[in-house]
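The values are calculated or read from the model by the stated rules, or taken from the named source; none is laboratory data. Being a predicted model, the structure only gives us computed values, none of them experimental. Using ideal geometry, Cβ is built from the backbone for each residue, glycine included, and neighbour counts are taken over all protein chains shown.
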Amino acid sequence: MGCDTSDPTGGGTGITQADLDALASAFGCSVVAISVGPPRNGSLSDDDCTHPNDGDQSKIDYFRFRLSQNMSIVIDYESSDYDAYLYLYDSNGQQLASDDDSGGDLDSRISRTLNTGVYAIGANSVFTTTDLGSYTMRLSN
């Protein structure tokens, strides 16, 4: 409850094609759906987008989710391969929050109460293009 699961695009995230287009345009990269529930495994690789506002040319993956009601969420981003850095954005790609090590060790966590709407998450590494490897992303409430 709270994360909209009706999705005309078939992904079960409540994200419409207009949402996808707006976020892809804001970031200049593809954006993958995530919802409250099981963790999603991924990896930062040379093929990923380059963080647009980082002078270090680090790589970043983007996720999006929709909240159908105001709620508190927790985003956990963990990697044993690099120092994880996490971003939270609104539907226009404006940064709302970021975190380096609140998840313990070199992992990231953002806890925040958000209004109904579409949001994006950026999974980044702290340093350079050499910080690549696998990670786990989890969205919970």
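For residues that are at pLDDT below 90 and surrounded by fewer than 19 Cβ atoms within 10 Å (Cβ to Cβ), tally how many sit in segment 55-79.
Counting residues in segment 55-79 that are at pLDDT below 90 and surrounded by fewer than 19 Cβ atoms within 10 Å (Cβ to Cβ) gives 3.
Quick one: is SER111 under 20 Å from PRO38 (Cα atoms) and either in contact (Cβ under 8 Å) with a residue 60 or more places away in the chain or buried (at least 17 other Cβ atoms within 10 Å of the Cβ) (or both)?
Working: under 20 Å from PRO38 (Cα atoms): yes; either in contact (Cβ under 8 Å) with a residue 60 or more places away in the chain or buried (at least 17 other Cβ atoms within 10 Å of the Cβ) (or both): no.
Here the answer is no, as SER111 does not meet what is asked.
Kindly provide the set of residues from segment 59-88 that are assigned to a loop (DSSP other than H, G, I, E, B) and either over 16 Å from SER134 (Cβ atoms) or basic (Lys, Arg) (or both), ordered by number.
Once the filter is applied, which keeps residues that are assigned to a loop (DSSP other than H, G, I, E, B) and either over 16 Å from SER134 (Cβ atoms) or basic (Lys, Arg) (or both), segment 59-88 yields SER68, GLN69, ASN70.
Does ASP131 count as in a loop (DSSP other than H, G, I, E, B), of a type in the set (D, E, K, R) and surrounded by fewer than 18 Cβ atoms within 10 Å (Cβ to Cβ)?
no
Of SER91, SER102, which residue is assigned to a loop (DSSP other than H, G, I, E, B) and surrounded by fewer than 14 Cβ atoms within 10 Å (Cβ to Cβ)?
The unique qualifying residue is SER102.
Can you give me the number of residues within segment 27-47 that are surrounded by fewer than 18 Cβ atoms within 10 Å (Cβ to Cβ), assigned to a strand (DSSP E or B) and either free of Cβ contacts under 8 Å to residues at least 12 places away in the same chain or of a type in the set (Gly, Ala, Ser) (or both)?
Qualifying residue count for the region: 1.
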